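Right, one structure below, let's go through it.
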Amino acid sequence: MKRRRPAALIAAAVIGAVVLVSGCSDEGKPVSFDSGPSSPSTNASPQGGQKKNDDASAKNGAAAQTLLPTGPKAEFTTQSSLGDGTKIGVTTLKGAKSGFTGKVWVWAPKQYFDEKYKDSGFPVLIALPGGNGYPKNYWMGTDLKLQSSISEWSKTGTSLPFIVVMPVLNPDAKHYYDGSDIPGQPKMGTWMTEDVPDLVRANFRTFKSRDGWAFMGSSSGGFVGLKSVLKRPDLFKAAIASGPDIVPDSPLWAGHEAEKQANNPEKLAQDLIDKKGPEVALAFQVGTKEGTVVPNVKKFIDTYGKGPVKTRLQLIQGGTHNAHTYVTGMGEGTMEWISKQMLAPVPSS
């Protein structure tokens with residue numbers, strides 16, 4: 001199936017860029033994630049829908065699995081600011097393992113700067129756009145309200161306070177690279193699953209365990225997130241795949257069928273089932289007006305949603321193939337389900 005470039009998704013990227021240019025007086029100024037906003041309000045709950053219990057939090061092993069920033073520190077500049085004082089920063093990453101250089105946007109929730117979580121890791125959500133995803137990642141725009149929604153959901157306990165990481169999806173706007181190391185092309189699979197996480201570990205308090213790492217993506221980005229978790233379950237626990245393609249379809253795979261199948265979510269899911277693990281959590285989201293996407297996703301779930309491949313489907317009533325639809329779906333249960341699969345920040349005693 002040819003990869004989609006829906007107008008709504010592309011428009012989201014353009015609108016996001018406009019919002020950022022016009023609405024952020026601090027844009028371009030240096031920003032540090034070592035210190036930040038004051039402590040959040042006391043009704044914030046990091047437990048992903050579960051009642052806060054310090055003893056229970058300590059027993060889940062998260063504190064022992066915290067990885068403090070390893071360095072070297074990257075130079076971030078402000079891309080935009082949210083109403084709660086948190087900022088979206090951006091840096092240019094020269095991938096040591098992939099050899100690819102591209103932009104990465106990051107956001108840390110208000111809880112990250114709270115004194116009582118200063119020794120705790122935070123879960124990471126790598127958010128990928130649809131469309132070309134180059135030179136922008138539209139999730140860095142404040143118009144889609146991804147970061148502000150996570151902030152609000154974390155207060156009600158329906159989401160963990162994720163660090164959100166938004167790398168470019170492709171190395172150019174000419175082709176889709178399927179988030180893979182296609183022979184003879186930029187190594188976008190290595191960039192996405194190794195270089196980008198290395199950047200996050202160098203600059204943020206994270207978790208050593210894969211239970212602290214997840215992807216979220218829409219359309220072509222949904223495919224990349226789905227494939228990355230199935231291909232590297234040693235590194236990632238979960239994915240939110242919204243309106244995703246199910247199989248690789250970049251024209252750059254021509255002449256490389258074996259490598260293409262090694263990046264096919266269907267084959268990767270079956271391999272996990274045959275090996276009996278490790279367990280992964282895949283949350284699918286589809287708008288009811290998305291046409292062929294709905295049956296394709298349901299077929300994947302019916303065929304491969306068993307054994308270690310845990311799945312959930314959020315049908316978004318009246319939803320179409322666009323990013324605003326998918327944020328709505330996340331608030332209708334997807335984020336709560338994903339959060340329960342992952343490690344939560346642990347407050348100090």
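Checking Val346 against (1) modelled with pLDDT under 95; (2) among the hydrophobic types (A, V, I, L, M, F, W, C); (3) over 30 Å from Ser120 (Cβ atoms): exactly one of these is not met. Which one?
Status for Val346: all satisfied but (3).
Of the residues Gly99, Gly121, which is part of a loop (DSSP other than H, G, I, E, B) and buried (at least 19 other Cβ atoms within 10 Å of the Cβ)?
Answer to the selection: Gly121.
When both residues are 6+ apart or on different chains and their Cβ atoms are under 6 Å apart, which pairs have a first residue that lies in segment 211-240 and is among the polar types (S, T, N, Q) and at pLDDT 95 or above, and a second that is surrounded by fewer than 24 Cβ atoms within 10 Å (Cβ to Cβ) and not in a strand (DSSP E or B)?
Ser219/Arg4; Ser220/Arg3
Filter segment 240-254 for residues that are under 22 Å from the mean Cα position of the chain (by Cα) and surrounded by 19 or more Cβ atoms within 10 Å (Cβ to Cβ) and give the result.
Correct list: Ile240, Ala241, Ser242, Gly243, Pro244, Asp245, Ile246, Pro248, Ser250.
Does Glu257 qualify as being without any contact (Cβ under 8 Å) to a residue 24 or more places away in the chain, out of contact with any strand residue (DSSP E or B) (no Cβ under 8 Å at 6 or more places or on another chain) and either under 30 Å from Ile182 (Cβ atoms) or loosely packed, with under 15 Cβ neighbours inside 10 Å (or both)?
It is true that Glu257 is without any contact (Cβ under 8 Å) to a residue 24 or more places away in the chain, out of contact with any strand residue (DSSP E or B) (no Cβ under 8 Å at 6 or more places or on another chain) and either under 30 Å from Ile182 (Cβ atoms) or loosely packed, with under 15 Cβ neighbours inside 10 Å (or both).
Within the set of pairs 6+ apart or on separate chains, which have a first residue in segment 273-285 that is surrounded by 11 or more Cβ atoms within 10 Å (Cβ to Cβ), a second that is assigned to a strand (DSSP E or B) and of a type in the set (D, E, K, R), and C-beta atoms under 8 Å apart?
Correct list of pairs: Glu279/Lys310; Val280/Lys310; Ala281/Lys310; Ala281/Arg312; Leu282/Lys310; Leu282/Arg312; Ala283/Arg312; Phe284/Arg312.
So is Ala214 within 19 Å of Val90 (Cβ to Cβ) and small (Gly, Ala, Ser) or not?
Considered against the rule, which asks whether it is within 19 Å of Val90 (Cβ to Cβ) and small (Gly, Ala, Ser), Ala214 comes out as no.
For segment 120-164, name all the residues that are under 13 Å from Trp105 (Cβ atoms) and small (Gly, Ala, Ser).
Within segment 120-164, Ala127, Gly133, Gly141 qualify.
Which of the residues that make up segment 62-83 are part of a loop (DSSP other than H, G, I, E, B), surrounded by 14 or more Cβ atoms within 10 Å (Cβ to Cβ) and either more than 23 Å from the chain's Cα centre (by Cα) or at pLDDT 90 or above (or both)?
Passing the criteria: Gln65, Pro69, Ala74, Leu82.
What about Ala344, is it closer than 16 Å to Pro244 by Cβ and touching a helix residue (DSSP H, G or I) at 6+ places or on another chain (Cβ under 8 Å)?
no
Need the failing condition index for Val164 against (1) touching a strand residue (DSSP E or B) at 6+ places or on another chain (Cβ under 7 Å); (2) in contact (Cβ under 8 Å) with a residue 60 or more places away in the chain; (3) within 15 Å of Val90 (Cβ to Cβ), just the number.
(2)
Quick check on Val104: is it β-branched (Val, Ile, Thr), in contact with a Pro (Cβ under 7 Å, 6 or more places away or on another chain), more than 21 Å from Thr328 (Cα to Cα) and part of a strand (DSSP E or B)?
yes
The values are calculated or read from the model by the stated rules, or taken from the named source; none is laboratory data. Note that this is a predicted model, so its numbers are computed, not measured. For neighbour counting, all protein chains shown are included, and Cβ atoms are generated from backbone atoms with ideal geometry for every residue, glycine included.
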